[in-house]
Amino acid sequence: MSLEDLITEVYGSPPLKIEPMSFGHTNQVYRVTLSDEQIILRTNYKPGVLEHTADNIAILSSLGLPVPRVIRTDVSLEQVPFAYMILEHFPGRDLRYELEGMTHEQLAKLAGQIIAFQRSVSELPRGTGFGWVPIGEQGSFSSWTQIIDRDIRNHIDNIIDDVTPETIVQLQTMKQRYTPYFDQVEPICFLDDLTIKNVIVTEGKLQGIVDFDWVCYGDPLYMIALTQTAVVSDIGDQGMAYVEALCRQWGADQEQRALIDFYSVVHALQFIGFHQREQNDVCKQRMVSFILDKINSDTNENRMS
């Protein structure tokens, strides 16, 4: 059964258009135009990815978050050779494509909304482990420190050819300085990928938030840092007003702001890997420059203190 056959079976008439949406890495996502509405179709040949998504959405909806309505989901692979989920479509585009045209007031309001959503999710019961899992499931890591160690270890080789050995030592020194903090982080639930994607905006106003196959248990500042890395990578300095608005709405003090920068460096190691595979030298160099700037600034500050 094709995608068109599936939609026809569900809605009783064939779709007018099925368009792939490119801004995602895990699922194949399509915008489907019907005669009287648009819907979103998410598919994956690995049924486990979508197995708990509807439950996650139901929990987030109960908290008052603007998540899409689930129209149908099937992970059995019995009807079609892939798991799928049909969802309400929010008008608008990912924040990535709207951010530069938004005013400071609009960015401040959006940042306040996103942080409010994170505060609500953080009130869910603490996790029994750390990492990326469906809401309420046990994370596969026993500490937040293990995740930071893994993320650095897995991606540090991406910058070996672009920085000096001293830079690698400085990065490890930064990590060691923060390790006592990492050791005491509790497994707090947060939405790990509400960055410049999955936040749907039109005319500067939030329409909804999407993509909840899993959440993360750990330090919610990791999400602000991921947003910063994505902004630096894909937009540049003109997008930093949104990052600073997120930090202000969180109430981040000077130490937390420095920690967000460290987390952003960790994310940047992985982003460089993405850009190398896509042969995107411009964004890769932005990331390398960002890493060097943050590590050198941290080193200089600690020499003076």
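Structure data summary
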| quantity | calculated |
| --- | --- |
| Residues being assigned to a helix (DSSP H, G or I) and free of Cβ contacts under 8 Å to residues at least 60 places away in the same chain - total across the stretch 241-255 | 5 |
| Output for the stretch 78-108, where each listed residue is aromatic (Phe, Trp, Tyr) and farther than 25 Å from Leu6 by Cβ | Tyr97 |
| Positions within the stretch 177-229 being in contact (Cβ under 8 Å) with a residue 40 or more places away in the chain, assigned to a helix (DSSP H, G or I) and within 11 Å of the chain's Cα centre (by Cα), in sequence order | Tyr222, Met223, Ala225, Leu226, Thr229 |
| Residues that are within 22 Å of Arg96 (Cβ to Cβ), modelled with pLDDT of 90 or more and not acidic (Asp, Glu), drawn from the stretch 16-27 | Pro20 |
| Unique match (being modelled with pLDDT under 95, in contact with a Ser or Thr (Cβ under 9 Å, 6 or more places away or on another chain), under 23 Å from Gln207 (Cβ atoms) and in a loop (DSSP other than H, G, I, E, B)) among Ser35, Ser13 | Ser35 |
| Given (1) among the hydrophobic types (A, V, I, L, M, F, W, C); (2) surrounded by 22 or more Cβ atoms within 10 Å (Cβ to Cβ); (3) in a helix (DSSP H, G or I), index of the condition Ala258 fails | (2) |
| Test result for Thr167, open to solvent by less than 50 Å² (accessible area, probe 1.4 Å) and either at pLDDT below 95 or not acidic (Asp, Glu) (or both) | yes |
| Complete set of residues in the stretch 77-107 that are open to solvent by 30 Å² or more (accessible area, probe 1.4 Å) and either among the hydroxyl-bearing types (Ser, Thr, Tyr) or touching a Leu at 6+ places or on another chain (Cβ under 7 Å) (or both) | Tyr97, Thr103 |
| Residues being open to solvent by less than 40 Å² (accessible area, probe 1.4 Å), under 28 Å from Arg277 (Cα atoms) and of a type in the set (S, T, N, Q) - total across the stretch 25-48 | 3 |
| Residue list for the stretch 49-64, filter: open to solvent by less than 30 Å² (accessible area, probe 1.4 Å) and not aliphatic (A, V, I, L, M) | Thr53, Asn56 |
| Tabulated pairs, the stretch 161-175, first within 14 Å of Val266 (Cβ to Cβ), second at pLDDT below 90 and not charged (D, E, K, R), C-beta under 7 angstrom, 6+ apart or interchain | Gln170/Thr299 |
| Matching residues in the stretch 108-134 - criterion: being open to solvent by less than 50 Å² (accessible area, probe 1.4 Å), of a type outside the set (A, V, I, L, M) and either under 30 Å from Arg150 (Cα atoms) or touching a Gly at 6+ places or on another chain (Cβ under 7 Å) (or both) | Phe117, Gln118, Ser120, Ser122, Gly127, Gly129, Phe130, Gly131, Pro134 |
| Failed item, numbered, when Asp183 is tested on (1) surrounded by 14 or more Cβ atoms within 10 Å (Cβ to Cβ); (2) touching a helix residue (DSSP H, G or I) at 6+ places or on another chain (Cβ under 7 Å); (3) over 17 Å from Met223 (Cβ atoms) | (1) |
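The values are calculated or read from the model by the stated rules, or taken from the named source; none is laboratory data. Because the structure is predicted, anything quoted here is derived from the model rather than measured. Counting neighbours? That spans all protein chains shown, and the Cβs are built from the backbone with ideal geometry, glycine included. Ligands, DNA and RNA are stripped out before the accessible areas are found, and what is left, the full protein with its side chains, is counted by its heavy atoms. Shrake-Rupley method; radii C 1.70, N 1.55, O 1.52, S 1.80 Å.
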